[in-house]
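Asks: Quick one: this structure, given as structure tokens, is what I'll be asking you about.
The values are calculated or read from the model by the stated rules, or taken from the named source; none is laboratory data. This is a predicted model, so every value here is computed, not measured. Cβ coordinates were reconstructed from backbone atoms using ideal geometry, including for glycine residues, and neighbour counts include every protein chain displayed.
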Amino acid sequence: MNRILRTLPLLGILLLLSGCLYDNPPSGPVRSIDTWLVGQWGTKDKAGRACSAVVSPTTASDHYRVTFSRTGGGTQEFDGWISRVDGFSILVLKSLNDLGAAGNGVAGKYLLFHYELLSPGTPSPGGIGAERIRLSELQLDDSARSLDSFKLRGAIRSALKAGTLLAPFDTVAERKGKIEALPGSVIWTKTGGVTLQGETF
């Protein structure tokens, strides 16, 4: 995984995670999109650089178009959808382009995340707090990166049963607002909407 991360510095910064790349997804789309994921999202990396993501629905009812970018950096495009293993929802992001002029074999690879809607952030005076989501990297062994979809679902199922699929976190700290420090996860805050065919999300 370290070799891959050295060749993907932009992707690592954009996702602010160690972002393991998989050869296959657990499955194709299993449900229509969650419209609350659609919109413009922002976060900052550890150096304070702004990162943004635009998540928009496509003409298909079960796919997202996702564009990640970073201040002073490039962009990365993804096709996204919701997969599920034993009722556990997974956001699948398929890279649509390689990074850099020479390319590096990233196109067609997959990133897998658990996602959850968090309570709104602190509102401005008289306002409503912005929506937030937490993306958490699946904690699978490196050997799972090359598995076919059937075996990958088996590895996810085993990790779910063992309670190791997500990094552990302290729910007491979370209640006190220390959610940004959770291992393997990044908090994104909604910064705007997306309009498609006259409908704003």
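Asks: Across the stretch 131-158, what is the total count of residues that are within 17 Å of Arg84 (Cα to Cα), at pLDDT below 95 and among the charged types (D, E, K, R)?
Replies: 1
Asks: Could we say that Val55 is crowded, with 20+ Cβ neighbours inside 10 Å, touching a helix residue (DSSP H, G or I) at 6+ places or on another chain (Cβ under 7 Å) and not acidic (Asp, Glu) here?
Replies: Working: crowded, with 20+ Cβ neighbours inside 10 Å: yes; touching a helix residue (DSSP H, G or I) at 6+ places or on another chain (Cβ under 7 Å): yes; not acidic (Asp, Glu): yes.
Judged against the criteria, Val55 is a match.
Asks: Looking at Ser18 and the list (1) of a type in the set (Ser, Thr, Tyr); (2) at pLDDT 90 or above; (3) loosely packed, with under 15 Cβ neighbours inside 10 Å, which single condition is not satisfied?
Replies: Condition not satisfied by Ser18: (2).
Asks: Continuing with this model, one more query. Only residues that are at pLDDT 90 or above, in a loop (DSSP other than H, G, I, E, B) and farther than 21 Å from Ile133 by Cα: list them for the stretch 22-60, please.
Replies: Asp23, Asn24, Pro25, Pro26, Ser27, Gly28
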